[in-house]
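Computed from the coordinates by the stated procedures, all read-outs in this text should not be read as laboratory data. Predicted, not measured: the structure shown is a model, and the values here were computed from it. Virtual Cβ from ideal backbone geometry, glycine too; neighbours counted across all protein chains shown.
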Amino acid sequence: MSVIVQKFGGTSVADAEKILAAARRAIAAKRAGHQVVMVVSARGKKTDELVSLAAEITDSPPPREMDMLLSTGEQESVALMAMAIRELGEEAISMTGAQIGIYTDSSHTKARIRSIETDRMRAALEAGKIVVAAGFQGVDDEFNITTLGRGGSDTTATALAAVLGAEECEIYTDVDGVFTTDPRVVSEARKVDQISYDEMLELASLGAGVMHSRSIEFAKKYRVPLRIRPSYSEGVGTLVIPESDEAGRVVTGVAFVRDEARVSLVDIPDRPGVMSLIFSKMAQRKIPLDMVVQDVGTGGTAEVSFTVPEKELAETLTAADEAVRELKAGSVLHGTNVSKVSAVGAGMRTHTGVAAQMFQALAEADVNIGMISTSEIKISALVDRECCEQAVRAVHSGFGLEKETAEGPSVGWRRTETPLTGQPGEDLEHEVIARLATMEDIVVSEALLDADQSRVTIRNLPDQKGVAAKIFSAVAEGDIMVDLIVQNISHSGRAHLSFTVPRKDLEACLLLVREVLEEWPDAELTFERDIAKLSVMGIGLRSHTGVGEKLFRALADAQINVRMISTSEIRMSVVVDVDQGEKALRQIKETFSLTE
Ligand code: ADP
Ligand code: ASP
Ligand code: MG
């Protein structure tokens, strides 16, 4: 008999009436001939209330006790749900994470699932019961209760669907489905009917709170059919599928993190091993870095900047201070008044001019861009926090996302004949997944070397709105596929920008850029004709902080200096000297046990 997993979020089980409505849905699925597993979150704002209660007692609650406390929210919900189902005439059994056998590692408050037992659930399903599973929690080897991180019930649901081979995993929530951006911020946001795993993974990881990003990792890895739908109506919601072509759109959605923080390590040595040290310090604390930008300064020193969610800032600064102490050089700067706004779309793999269009939209809305970082299917810009909503709205309408039908390709936003090389091969991915020892382990399925790129760097640009828009609009006019773009935060009122282009387009690109730079005589244009870009591909690469750590350690061990970095959940790329490309590729393949 087929299994259906239905997950109900906090607002969807907030009171008795909603609990009964959710129970009715599960019963309907059962009566339609399915075995049903429900995954239930804590009611309403229960988890927030428990967090506040702990904060009234201590500023630093022990993580183990925090998990003990927060897991009670879900326990309350599952008991009430099982009662509701019985009241409505079906058999049900509630189970905590431990009772199911959801085993995790011991990193309290952000634990990862290691394995899930299916025997007890199967026995209950075979006995005709609806299984009501507590979301968000598990148990470690020592029987300590753990939690998976805020929003983690989505991950419980897709993980259970994966191990049970469910026909579908339905996520019932308080909106009609996945929107082009948070509908609470942009009222014109539009529900999308379908979205690809990769796009959903990036959107979730870049702040779209509708799904826990790790749940999409499970869904993609184990090919779980996933649907996000409203709990208050019969709406069909949004289907998450392997490949989507949302009516020919290049950009699918806009995500943002309002409370982001930036950190810079300045005056640090410019030599192999420095990035490795920084990434390993952060990985020890499971802090995922985003928007990593590095600049080679003068006199053998370098500067690295990145962003983290503001709630991780204190730990990040401790880790950064440790790194600086070990390097015996440099200092740490940070800023908190910033937000990260990102555009995501699989069409970026094959279209030019997308970055230009985003920067143009921000410039027209009078928003200055502090930092830029791009990856295969996303572009992120760091902006002043007071401009966050304005920036989200500008990017959303800049790409015409509120419109029911996509506009024809705009000028400089054309499909190119030379798409970015190397999308992850599906078969390879599945071979790697089959080898995984634990359920939420890292998936790195492929490493690629692209030796046909050049790097362009412009230093000393004015730190003012519209600069990036002008430069990338000019490049787009030449129909040139710009890949990695990074712009560092300016500490001196001057911004530094680097990007890569196919080598065959370098001359044309330089001509176009030189023309624009006439407006800013202080700007210095440099380029490197021959660079090597190395990428590792997989699933969940940014949030599994161990991937960056391993990658940079491998490069450091081979004495390879990293020149540019770009990270995302599906691809992590570094630029190195061209003559070190082959060696770096071998080293990376060995590190991630990828066969030639
Ligand atoms: P649940 O309690 O059901 O897990 P969440 O609050 O975690 O619900 O997620 C649903 C909320 O996510 C919506 O109310 C919406 O405000 C927010 N959200 C953010 N980005 C998006 C988006 N792109 N599409 C839909 N909802 C979004
Ligand atoms: N109750 C937890 C939270 O509020 C988990 C969840 O709802 O997914 O974060
Ligand atoms: Mg949620």
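Expressed to the nearest 5 percent, the antiparallel share of DSSP beta bridges inside segment 68-167 is 55 percent.
A Förster distance of 30 Å, applied to the separation of the beta-carbon atoms of Arg122 and Arg24, puts the FRET efficiency at 0.80. What fraction of the DSSP beta bridges in segment 1-157 is antiparallel, stated in percent and rounded to the nearest 5? Just about 30 percent of them are antiparallel. With a cut-off of 12 Å between beta carbons, the residues surrounding Thr316 carry a summed charge of -2, where Lys and Arg count +1 and Asp and Glu -1.
Does segment 50-104 come out rounded, prolate or oblate, given a ≥ b ≥ c as the square roots of the eigenvalues of its C-alpha gyration tensor, rounded meaning a/c under 1.5 and, failing that, prolate meaning a/b above b/c? In terms of gyration-tensor shape, oblate.
By the gyration tensor of its Cα atoms, with a ≥ b ≥ c the square roots of the eigenvalues, what is the shape of segment 295-356: rounded for a/c under 1.5, prolate for a/b over b/c, or oblate?
The shape class here is oblate.
Peptides 252-261, 519-528 ranked from most to least packed by the mean count of surrounding Cβ atoms within 10 Å: 252-261, 519-528.
Using C-alpha pairs under 8 Å with a sequence gap of at least 6, the mean separation divided by the residue count of segment 232-346 gives a relative contact order of 44 percent. Only beta bridges with both residues in segment 145-262 are counted; by DSSP, about 35 percent of them are antiparallel.
If you take the Cα centroid of segment 123-176 and the Cα centroid of segment 314-360, the two points sit 33 Å apart.
Between rounded, prolate and oblate, where does segment 556-596 land on the alpha carbon gyration tensor, with a ≥ b ≥ c its root eigenvalues, rounded for a/c under 1.5, else prolate if a/b exceeds b/c? Oblate. If you take the alpha carbon atoms of segment 1-160 and fit the smallest convex hull around them, that volume is 91 Å³ per residue. Ordering of 447-456, 11-20 by packing is 447-456, 11-20, highest average first (other Cβ atoms within 10 Å, averaged per residue).
Only helices enter the 222 nm calculation for the chain: every DSSP H run of n ≥ 4 contributes -39,500 (n - 2.57), and dividing by all residues gives -10500 deg cm²/dmol, rounded to 500. For the peptides 305-317, 119-131, 465-477, 46-58, residues were scored by their other Cβ atoms within 10 Å and the scores averaged per peptide; the highest-first order is 465-477, 305-317, 119-131, 46-58. Neighbours of Leu80, meaning other residues whose beta-carbon lies under 13 angstrom from its beta-carbon, give a summed charge of -1 when Lys and Arg score +1 and Asp and Glu score -1.
The charge dipole of the chain, taken about the Cα centre with unit charges on the Cβ atoms of Lys, Arg (+1) and Asp, Glu (-1), comes to about 680 debye, rounded to the nearest 20. Here the simple spin-label model places points 7 Å from the Cα toward Cβ, and for Val185 and Ala79 these points are separated by 3.8 nm. Given R₀ = 25 Å, what would the calculated FRET efficiency be for Arg503 paired with Leu594, taking r from the Cβ atoms and rounding to 0.05? Here the calculated transfer efficiency is 0.45. Quote the FRET efficiency, to the nearest 0.05, computed for Gln464 versus Glu402 with a Förster distance R0 of 35 Å and r equal to the Cβ-Cβ distance. For R0 = 35 Å, the calculated efficiency reads 0.75.
Within the set of other residues whose C-beta is less than 11 Å from the C-beta of Leu506, count the net charge using Lys and Arg as +1 and Asp and Glu as -1. Cβ neighbours under 11 Å give a net charge of -1. The simple spin-label model puts a point 7 Å past each Cα toward its Cβ; for Ser107 and Glu91 those points are separated by 4.0 nm. Helix 63-87 versus the longest principal axis of the chain: what angle, 0 to 90°, nearest 10, using Cα atoms? Result, in degrees: 50. Spin-label pair Lys328-Arg494: with each label point 7 Å from Cα along the Cα-Cβ axis, the two points sit 3.1 nm from one another.
If you bin all the Cα-Cα distances of segment 37-82 at 10 Å, starting from zero, the percentages per bin are 27, 49, 20, 4.
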